[in-house]
Amino acid sequence: MSQRSTSLGKGAERSLILLWFVLSIIGIISIFAATYRDGENILQGFISLKTDYSRQSLFFLISGTVGVFILLTDSKFFTATANLWYVFGIFFMLLVFPFHSNIKGTESIIRLGSSVQIQPADICKIFVNLALAKYLSRVETDFARPRSQFIAAVIALVPAGLSIMQKETGLALVYFSFFLVMFREGLPPYVLIVGFSFAVLVVATLLLDPNLLALILTCIAALAFYILRKQIKRNRSILFAIASIWFVCVGVQRFVVPFAFDHVFQPYQVKRIYDAIGKDYIPKNAEAALEIEQKSGQKKKDNSNYNVKQSKIAISNGGLLGKGLLSGTQTRYDFVPEQRTDFIFCTIGESFGFTGSAIFLSIYIVLLMRIVTIAERQRSVFSRAYAYGVASVFFFHIAINVCMTIGLAPVIGIPLPFVSYGGTSLLTFSVMLFILVRLDSDRQMVLR
């Protein structure tokens with residue numbers, strides 16, 4: 001190790017460590033508020049390791065300990081082993097297929113004993129970020145070439161594909177956030193435009209009649225042909241491009257989207273997507289209807305949008321200043337399922353109100369802005385790309401989690417960084433952040 005790396009905290013960005021500490025403590029308090037039951041001995045609850053908030057406290061201590069070891073590690077270790085970690089991550093995800101446990105519809109979790117659960121798809125985000133940063137920082141990587149862009153996309157999308165195969169579509173979508181890193185490093189803007197247009201096309205396919213949407217796409221193609229008619233006379237390839245785009249869009253609308261919703265997504269996930277866009281979903285068979293009912297909870301909670309409705313009630317109950325810790329009605333009496341994990345934000349909203357929620361989200365905004373600022377001051381492409389990867393993953397998790405809590409996004413099981421209950425989640429986010437702190441402490445070095 002270098003002399004710099006053996007000095008704990010020397011040159012480290014302490015603001016990130018402070019934000020990590022604050023958010024983790026908020027998470028423990030929120031989990032305590034969501035799971036504490038009247039009559040429990042609080043001190044015993046924290047030291048027993050039998051309650052969720054005591055286990056989260058243990059995960060917090062473990063994450064801090066791992067963070068100390070990361071800060072003592074030479075920065076060059078992360079560049080030297082980035083590809084090895086990626087291979088290990090893919091191998092770890094492949095182990096899920098023979099050794100997985102089916103938990104709440106997902107097959108992406110490996111259970112060790114009765115209480116320890118590991119989700120390789122979650123941990124693999126660290127390794128993808130390192131491998132992508134390593135590839136982008138190579139001298140021979142010319143990111144203006146389609147071949148380099150394709151390889152970078154493969155690095156991000158291979159674990160996404162494995163995650164989909166493990167019925168964990170929520171985490172699979174997280175890997176698409178790495179395209180923001182590629183965009184920062186030179187990915188053409190049209191790629192993001194195509195991606196956004198594809199998302200709009202998918203939503204339009206769900207909202208509109210198939211024949212009507214096909215007619216609209218045809219009219220758009222005809223309008224483009226009319227506007228560009230002079231250019232088409234000089235260059236026939238423009239006509240071919242318009243026809244190709246029309247053909248692809250109609251193909252996506254007619255075949256790709258129906259296939260994905262029938263064979264890729266689970267029925268309860270399709271139901272949640274339809275709920276998010278305000279449209280009723282009718283199951284195609286009794287088996288799909290039964291799965292939706294099972295995922296929605298008890299029969300009295302047969303609406304798959306039950307979680308979101310109860311979450312919005314809890315947040316509105318908080319008012320301006322909140323009902324106070326352990327004083328909420330929705331979260332204290334289990335009206336909101338998964339309120340310690342995916343819907344932890346509603347616990348904060350009911351306990352601390354609009355003011356507390358605004359302050360809480362402001363902490364996240366400060367964290368993201370600080371990470372981007374740190375990214376832009378790096379001399380090394382590796383460090384900059386890695387930092388943008390951290391910011392992209394964090395932003396995706398925060399935005400989707402909060403939006404699905406208030407009904408603006410489908411419920412896809414995305415945890416809130418450092419706050420939602422879960423040892424794998426807390427450790428993963430903590431390791432990602434502490435590696436960034438370590439790289440930034442050597443920001444004057446050019447790492448490859």
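The values are calculated or read from the model by the stated rules, or taken from the named source; none is laboratory data. Keep in mind that this is a model prediction, so the values were computed, not measured. Heads up, the Cβs are rebuilt from the backbone with ideal geometry, glycines too, and the neighbour counts pull from every protein chain shown.
Observations, loosely collected:
- Hits in segment 15-39 (condition: within 16 Å of residue 325 (Cβ to Cβ) and either surrounded by 13 or more Cβ atoms within 10 Å (Cβ to Cβ) or touching a helix residue (DSSP H, G or I) at 6+ places or on another chain (Cβ under 7 Å) (or both)): 25, 26, 27, 28, 29, 30, 31, 32, 33, 34, 35, 36
- Selection status of residue 311, of a type in the set (Ser, Thr, Tyr), at pLDDT below 65 and closer than 17 Å to residue 412 by Cβ: no
- Qualifying helices (runs of 4 or more DSSP H) (wholly inside segment 189-257; at least 2 residues being surrounded by fewer than 16 Cβ atoms within 10 Å (Cβ to Cβ) and of a type in the set (Ser, Thr, Tyr)): 189-207, 210-227, 236-251
- Single residue of 54, 63 found to be in contact (Cβ under 8 Å) with a residue 12 or more places away in the chain, of a type in the set (Ser, Thr, Tyr), in a helix (DSSP H, G or I) and surrounded by 12 or more Cβ atoms within 10 Å (Cβ to Cβ): 63
- Under the condition of being among the hydrophobic types (A, V, I, L, M, F, W, C) and part of a helix (DSSP H, G or I), the residues counted in segment 373-424 number 18.
Residue by residue, here is whether (1) in contact with a helix residue (DSSP H, G or I) (Cβ under 6 Å, 6 or more places away or on another chain); (2) crowded, with 24+ Cβ neighbours inside 10 Å; (3) modelled with pLDDT of 95 or more; (4) not hydroxyl-bearing (Ser, Thr, Tyr) holds:
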residue	(1), (2), (3), (4)
343	yes, yes, no, yes
346	yes, yes, no, yes
364	yes, no, yes, no
380	no, no, no, no
390	yes, yes, yes, yes
403	no, no, no, yes
413	yes, no, no, yes
423	yes, no, no, yes
433	yes, yes, yes, yes
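- Test result for residue 73, part of a loop (DSSP other than H, G, I, E, B), touching a residue at least 12 places away in the same chain (Cβ under 8 Å), farther than 25 Å from residue 318 by Cβ and not acidic (Asp, Glu): yes
- Residues that are more than 30 Å from residue 413 (Cβ to Cβ) and in a helix (DSSP H, G or I) were ranked within segment 143-174; the one that is modelled with the lowest pLDDT is 146.
- Residue in segment 103-111 that is in contact (Cβ under 8 Å) with a residue 12 or more places away in the chain, under 20 Å from residue 429 (Cβ atoms) and surrounded by fewer than 20 Cβ atoms within 10 Å (Cβ to Cβ) present: yes
- Meeting the requirement of 1 or more residues that are at pLDDT 75 or above and within 21 Å of the chain's Cα centre (by Cα), the strands (runs of 3 or more DSSP E) wholly within segment 99-142 are 106-112, 116-118.
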